[in-house]
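Chemist: Pasting a structure here, questions to come.
The values are calculated or read from the model by the stated rules, or taken from the named source; none is laboratory data. No experiment lies behind these values; they were computed from the predicted model shown. When we count neighbours, we look across all protein chains shown, and the Cβ atoms used for this are built from the backbone with ideal geometry, even at glycine. To get the accessible areas, we keep the full protein, side chains included, count just its heavy atoms, and leave off ligands, DNA and RNA. Shrake-Rupley method; radii C 1.70, N 1.55, O 1.52, S 1.80 Å.
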Amino acid sequence: MTKADIVAEISRSTGLEKAAVLATVEKFMDVVKESMAAGNNVYLRGFGSFVVKTRKEKTARNISKNTTIKIPEHKVPTFKPSKVFLEEVK
């Protein structure tokens, strides 16, 4: 399902105009991205959590040059579905 499909489905089921639904979906995604970029987690009860995790520094190998490189500590966004979400998908 794409963002356009989501907008069309919400518009159809609520009767709202697609432009208004698209603006709302875009703003929701912006708020989630901005919050996570600031290091904050986003919790949506009954749906799941968007969590910022920190990956520790590690040593990796470049096989083609036979060298080792250090990958610095960095943050990655993750999503953890709620128990209700998991049960519905099963």
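Chemist: Measuring with a 1.4 Å probe in the full set of protein chains, what accessible area per residue, in whole Å², belongs to the chain?
Modeler: Normalised by residue count, the accessible surface of the chain is 83 Å².
Chemist: A further question follows. In degrees from 0 to 90, rounded to the nearest 10, what is the angle of the helix 3-14 Cα long axis to the longest principal axis of the chain?
Modeler: That helix lies at roughly 30 degrees to the long axis.
Chemist: Taking Cα extents along the principal axes in Å straight from the coordinates, which label in [x] 41, 22, 20; [y] 32, 31, 25; [z] 60, 29, 26 is the correct one?
Modeler: [z]
Chemist: Defining a contact as two alpha carbons under 8 Å apart and six or more residues distant in sequence, what relative contact order in percent does the chain show?
Modeler: So the answer I get is 21 percent.
Chemist: By the scheme Lys and Arg +1, Asp and Glu -1, what is the net charge of all other residues having a beta-carbon under 15 Å from that of F50?
Modeler: Local charge sum for F50: +3.
Chemist: Report in % the part of the accessible area of the chain that belongs to carbon and sulfur, leaving out ligands and nucleic acids; probe 1.4 Å.
Modeler: Carbon and sulfur: 58 percent of the exposed surface of the chain.
Chemist: Put +1 on the Cβ of each Lys and Arg and -1 on the Cβ of each Asp and Glu in the chain; which of V76, N41, L16 then has its Cα farthest toward the positive end of the dipole?
Modeler: V76
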